[in-house]
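The values are calculated or read from the model by the stated rules, or taken from the named source; none is laboratory data. What you are looking at is a predicted structure, and each value in this text was computed from that prediction instead of being measured. Glycine gets a Cβ as well: all are built from the backbone with ideal geometry, and neighbour counts include every protein chain shown. Calculation scope for accessible area: heavy atoms of the full protein, side chains included, ligands and nucleic acids excluded. Shrake-Rupley method; radii C 1.70, N 1.55, O 1.52, S 1.80 Å.
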Amino acid sequence: MPEPSKYDLEYIQRYMESRDMGPLIMTGPDADIWGSVAESKPHVPDLVALRARHNEDPFSKWVTDTGMKIFFRCGGHRWRKPSPVDGRVVYSDSKLLRITYWITSILASLLPVSSIIILYCARSIIARLAIIAGFNIIVSLCLLGFTNAKRSEVFAVTAAYVLG
């Protein structure tokens, strides 16, 4: 079974240390199972997640973890009503992953077309070779950031992009 994600573990640690936990806060030998944010105690090594997050690409992981923290700091919580269950503003991962899917799909469709248009406008052979090299780097960086591709797959796609 997979370990809990860093984001989920931090969320449960903050909840366990908050006043929302109530007067029956855990004490005793099982109090440190989840670790602690305030005291930077690690969680027990055999802690597992029963329903782990999907293993998404680095961009989607960033949006669902770090991006949401930034969104809430900038006042994004004002656009949504709190949950009736726990009174917190909650965003579903599935909605965020759908947004990242659209962003990566649009980028994937614009990248080849934009490279063709820019290559058409370039007159010099040296400029065209530099543009091809630049777009090849962009494609490989997009593959690394927006997919879970292995190194061999990134190499194969970037080689095909240049030759195609």
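Other residues whose C-beta falls under 15 angstrom from the C-beta of Ala149 contribute a net charge of 0, scoring Lys and Arg +1 and Asp and Glu -1. Please build a GNM for the chain, connecting alpha carbons under 10 Å apart, and tell me which residue among Trp102, Trp34, Trp79 fluctuates the most. Evaluated over the chain, the most mobile residue of the options is Trp79.
Dividing the mean sequence gap of close Cα pairs (under 8 Å, 6+ apart) by how many residues the chain holds gives a relative contact order of 20 percent.
Distances between placed amide hydrogens fall under 5 Å for Glu56 paired with no residue 5 or more residues away or on another chain. The calculated 222 nm mean residue ellipticity attributable to helices in the chain amounts to -17000 deg cm²/dmol, summing -39500 (n - 2.57) over DSSP H runs of n ≥ 4 and dividing by all residues.
Whole number in Å², please: accessible area per residue of the chain, 1.4 Å probe, ligands, DNA and RNA not counted.
75
Taken about its Cα centre, segment 84-164 carries a charge dipole of roughly 160 debye when the Cβ of each Lys and Arg holds +1 and the Cβ of each Asp and Glu holds -1. For the peptides 88-96, 144-152, residues were scored by their other Cβ atoms within 10 Å and the scores averaged per peptide; the highest-first order is 144-152, 88-96. Give me log10 I(q)/I(0) at q = 0.08, 0.14, 0.17, 0.20 Å⁻¹ for the chain, Debye formula, one equal scatterer per alpha-carbon, no solvent. Here log10 of I(q) over I(0) equals -0.41, -0.90, -1.12, -1.34. Positive end of the dipole of segment 43-164 (Cβ unit charges, origin at the Cα centre): among Leu50, Cys142, Val89, the Cα lying farthest that way belongs to Val89. Of the residues Thr27, Gly67, Tyr11, the one whose Cα sits farthest toward the positive end of the charge dipole of the chain, with +1 on the Cβ of Lys and Arg and -1 on the Cβ of Asp and Glu, is Gly67.
Couplings 3J(HN,Hα) of segment 129-144, computed from phi: 5, 5, 5, 4, 5, x, 5, 5, 5, 4, 4, 5, 5, 5, 4, 5 Hz, in residue order, whole Hz [Karplus 6.51 cos²θ - 1.76 cosθ + 1.60, θ = phi - 60°; x for Gly and Pro]. When +1 charges are put on Lys and Arg Cβ atoms and -1 charges on Asp and Glu Cβ atoms, the dipole computed for segment 1-155 relative to its Cα centre reaches about 860 debye. Taking amide H as placed 1.01 Å from N in the peptide plane, the amide H of Ser36 sits under 5 Å from that of Lys41, each at least 5 places away or on another chain.
In whole percent, and with a 1.4 Å probe on the protein chains, what portion of the accessible area of segment 77-164 is carbon and sulfur? Carbon with sulfur: 71 percent of the solvent-accessible area.
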